[in-house]
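Written below as structure tokens is the structure these notes are about.
Each reported figure results from applying straightforward, stated rules to the coordinates on display, with no laboratory input. Here the structure is a predicted model, which is why all the values come from computation and not from measurement. Heads up, the Cβs are rebuilt from the backbone with ideal geometry, glycines too, and the neighbour counts pull from every protein chain shown.
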Amino acid sequence: MLYRRMPRVKEELSILGFGCMRLPMDGKTVDESAASRMMNKAVERGINYVDTAWPYHGGEGEAIVGRLLAGGLRGRVNLATKLPSWLVKTREDMDMYLDRQLKALQTDHLDMYLLHSLSADRWENLSRLDVMSFMEKAKRDGKIRYIGFSFHDGLSVFKKIAGAYDWDFCQVQYNFLDTNYQAGAEGIKYAAGRDIGIVIMEPLRGGSLTVPMPEELRRMAADLSYRAPTLADLGLRWIWNQPEISVVLSGMSSMDQLQQNIESAAHGWAGGLKPGEPIFVDKAVKFFQSKMRVLCTSCGYCKPCPQGVDIPQCFTNLNNAALTGNWAAQKANYNYILADDRDGNKASACVECGLCETKCPQHLPIRERLKEVVAAFEKD
Ligand code: SF4
Ligand code: SF4
């Protein structure tokens, strides 16, 4: 395993982090013995960063991770979880959630504590409640060690939040198809310039880059002078190629995925892409873009929708399904992300007022495409 250091974090962190939002399932519940075998193997192979959050696995995720780490593994990993920012209404809520999280995770401290899934509205609400004094007190009290945030909004909001505090780290969505998505490449450079450590989520675009390489791409890969990599391997190493990134989280569901990711991580040096690979990535990006249903860049300018429809998320899932052909997985992801207790609404909440279309720089027929989203993900 290779390790990197964030400017404000003392420990060396494994470049591959174990994301615990897609643990192996046995029917509708997590298969804890399979998950435990994976966690043991991960730690044995040098992974020392484990990430979970309040809503994962229907709210059971933290207690499950607590059990997976009990019995000796807790002291060998940097444990990350997140304040569920959309549920916080008062300062007392912050203390209550942190204490419940520590209990569920069977630990007296969290190494990495993030404000979860910040957007402009959530940051405004948390700032009004003086969330940073809560975070700093938690740090002084020894309940948390490093302070960060995860993010889902546009670039200008990212810069505003990243510039508002000397964060130890942040967690953003990034992969070779999404260099202009949310914080994107520019946001990452901006954060790195402020000595903020970078953790990447969705490095394989919610599974889009785990599919077997399509035949057209395979032919393009024939130009490469070595055995064509898998898309997943290339996707991970493309991120590790960038020195400002420290940890890449992968939500692993099987021992096979863990093993493959560990093999990729063994070659995850900064500047480690082989000759020809950057050009192949450019070709792959163009190929995937040609398959997309909606040329939405997820810029977020159409937000807020008066009905709360999370338009970029709707189109992300539609495009991912068209790219991968895995409509069931994207349907599950859509219904998880836009579940009732979160603050984005599904496409079916659209009343066709047309306001979003007046703001979309791509001039997309948003109302029509949202009907496709409803048909794809909200019907049995
Ligand atoms: S057309 Fe639909 S999605 Fe667009 S702003 Fe109106 S309600 Fe929201
Ligand atoms: S629908 Fe248009 S405005 Fe909304 S995120 Fe996509 S590209 Fe941006």
Problem set entry | Three-way shape label, the chain, alpha-carbon gyration tensor, a/c 1.5 | rounded
Exercise. Which residue, 179, 107, 358, tops the fluctuation ranking in a GNM of the chain built on C-alpha contacts under 10 Å?
Worked result: 358
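As a check on your grasp of the helix formula, calculate [θ] at 222 nm for the chain: sum -39500 (n - 2.57) over DSSP H runs of n ≥ 4, divide by the residue count, round to the nearest 500.
Calculated at 222 nm, the ellipticity per residue is -12500 deg cm²/dmol.
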Problem set entry | Entries in 103/139; 159/274; 82/379 that, when Cα-Cα distance is taken, lie over 25 Å | 159/274; 82/379
For this session: Arrange the following residues from fewest to most other Cβ atoms within 10 Å of their Cβ: 346, 41.
Result: 41, 346
Problem set entry | Expected-Rg normalisation [2.2 N^0.38 Å, Cα atoms] applied to region 1-80 | 1.10
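Expressed in nm to one decimal, what extension gain is obtained for the pair residue 219 and residue 132 from 0.36 nm per residue of sequence separation less their Cα-Cα distance?
Numbers: separation 87, 0.36 × 87 = 31.32 nm, distance 5.17 nm.
So the extension gain works out to 26.1 nm.
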Exercise. Which Rg and Dmax, in Å, describe the Cα atoms of region 293-377?
Worked result: 11.8, 32
Exercise. Does region 246-299 come out rounded, prolate or oblate, given a ≥ b ≥ c as the square roots of the eigenvalues of its C-alpha gyration tensor, rounded meaning a/c under 1.5 and, failing that, prolate meaning a/b above b/c?
Worked result: oblate
Problem set entry | Gap separating the Cα centres of region 291-368 and region 134-162, nearest whole Å | 27
Problem set entry | Per-pair calculated FRET efficiency, R0 = 51 Å: residue 106 and residue 372 via Cβ, rounded to 0.05 | 0.70
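Loop only by DSSP, 13 or fewer other Cβ within 10 Å of the Cβ. Give me the GluC sites (Glu not before Pro) in region 297-380 that pass, ordered by residue number. Don't skip to the answer; put the middle values down first.
On the way: sites: 352, 357, 368, 372, 378; in loops: 352, 378.
Here the sparse-neighbourhood loop sites are 352.
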Seminar exercise, completed: In this structure, the FRET efficiency calculated for residue 70 and residue 285 from their beta-carbon separation, with R0 = 51 Å, to the nearest 0.05, is 0.75
Exercise. Could you give the nm distance between label points at residue 25 and residue 96, where each point is 7 Å from its Cα heading toward the beta carbon?
Worked result: 3.0
For this session: Quick one: give the max-minus-min coordinate of the C-alpha atoms of region 101-217 along each principal axis, largest first, in Å.
Result: 56, 34, 25
For this session: Express in whole angstrom the spacing between the alpha-carbon centres of region 83-97 and region 261-284.
Result: 40
Seminar exercise, completed: Expected sort for 318-327, 28-37 on mean C-beta neighbours within 10 Å, highest first, is 318-327, 28-37
Seminar exercise, completed: So the FRET efficiency between residue 121 and residue 263, C-beta based with R0 = 45 Å and rounded to 0.05, is 0.65
